1. Distance in nm between label sites at N109 and S81, each 7 Å beyond Cα in the beta-carbon direction?
2. Quickly rank 31-41, 213-223 as a protection proxy: mean count of other C-beta atoms within 10 Å, highest first.
3. If you project the alpha carbons of the chain onto their three principal axes, what span does each projection cover, largest first, in Å?
4. For segment 2-247, calculate the relative contact order in percent as a whole number, restricting contacts to Cα pairs under 8 Å that are 6 or more residues apart.
5. What is the packing order of peptides 47-54, 117-124, taking the mean over residues of other C-beta atoms within 10 Å and listing the highest first?
6. Multiply the residue separation of D101 and C217 by 0.36 nm, subtract the distance between their alpha-carbon atoms, and state the gained length in nm to one decimal.
7. Using just the helices of the chain, give the 222 nm mean residue ellipticity in deg cm²/dmol: DSSP H runs with n ≥ 4 each add -39,500 (n - 2.57), and the total is spread over all residues, rounded to 500.
8. In whole Hz, with x marking every Gly and Pro, tabulate ³J(HN,Hα) for segment 126-134 from phi via Karplus 6.51 cos²θ - 1.76 cosθ + 1.60, θ = phi - 60°.
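Bear in mind that the values in this text are calculations on the coordinates, not laboratory data. Worth saying up front: this structure is predicted, and the values here are computed from it rather than measured. Counting neighbours? That spans all protein chains shown, and the Cβs are built from the backbone with ideal geometry, glycine included.
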Amino acid sequence: MKKLNKFKLATLSLTTIMLIGLGQNLFAHTRLNEATQTEGTRTINHIVISHSCNDTSHTIGTSVVFPDGVDSTILVNGEASEGQMLDYLTNYGNNFQLLLDRSVFDAMNEKIVGGNVVGYWAGGGAGMPNNLYAATSFRSTAAGIEPTSCASSVAVKVSIADVCEITDAAGFNDDVVRLWTHNDLGTPFDRVSDTDDGPATFTITRDLTANPLPEGCSAEGDAVVIKPSAAQINRDMPIVVDGQQVWPQ
């Protein structure tokens, strides 16, 4: 319950581990520090929060969701595909693991479904001031691209909510939560935007030397995009601590 109490205090938050500058870019999105990774490699990565909800608020927590690949939407060259995740990636599943790092948050945990990490949450502490940047750390293992596919890259869309005030979903607005999510899934967590520019992107690129494109593919190969389903966002975006949902309330 100690974690839960900290989260509820509206002091659940980010302390800065990454200072990019004193000036505040109010149009900067929350994004991955390393947005591209070659298939089959590992790296320590960060999700960087570049501004709070407004010029007076603190960011008090964050929630991250990776598409689970089970009922995800797959686009190939911008068109919906009836294919499955395994048609494009050979070992997608438990590719992201949260790193324990209390320099940013007092409390954090992974979201695990079917033995795979499908996201994480973090919070607790004094909060990220609006004039600073902060980052959460995780290890990413890039899945292999299916050799028989024409995929030259697979872009995994990562949905993120940066929380400045704990409310119910009906109370969401830009002053209480910044939603870096899709705008068209039909969930309470959808970003209000004319374009689908919210999620961060983690792009897995094909190693064309070790895994060349098969004959019959175009010279550029196919650009594949993986988006989470509405059902997954509704299941995995809320923050649950010790079995109790603490955000949204």
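1. 3.5
2. Details: 31-41: 16.1, 213-223: 12.5.
In decreasing order of mean packing, 31-41, 213-223 become 31-41, 213-223.
3. 58, 36, 34
4. Working: 630 pairs, mean separation 72.9, N = 246.
Averaging sequence separation for qualifying contacts and normalising by length gives 30 percent for segment 2-247.
5. Values: 47-54: 21.2, 117-124: 25.5.
Highest to lowest by the protection proxy: 117-124, 47-54.
6. Working: separation 116, 0.36 × 116 = 41.76 nm, distance 4.35 nm.
Gain on extension, D101 to C217, equals 37.4 nm.
7. Rounded to the nearest 500, the figure is -1500 deg cm²/dmol.
8. Running phi through 6.51 cos²θ - 1.76 cosθ + 1.60 with θ = phi - 60° gives 7, x, 7, x, 5, 9, 10, 9, 8 Hz.
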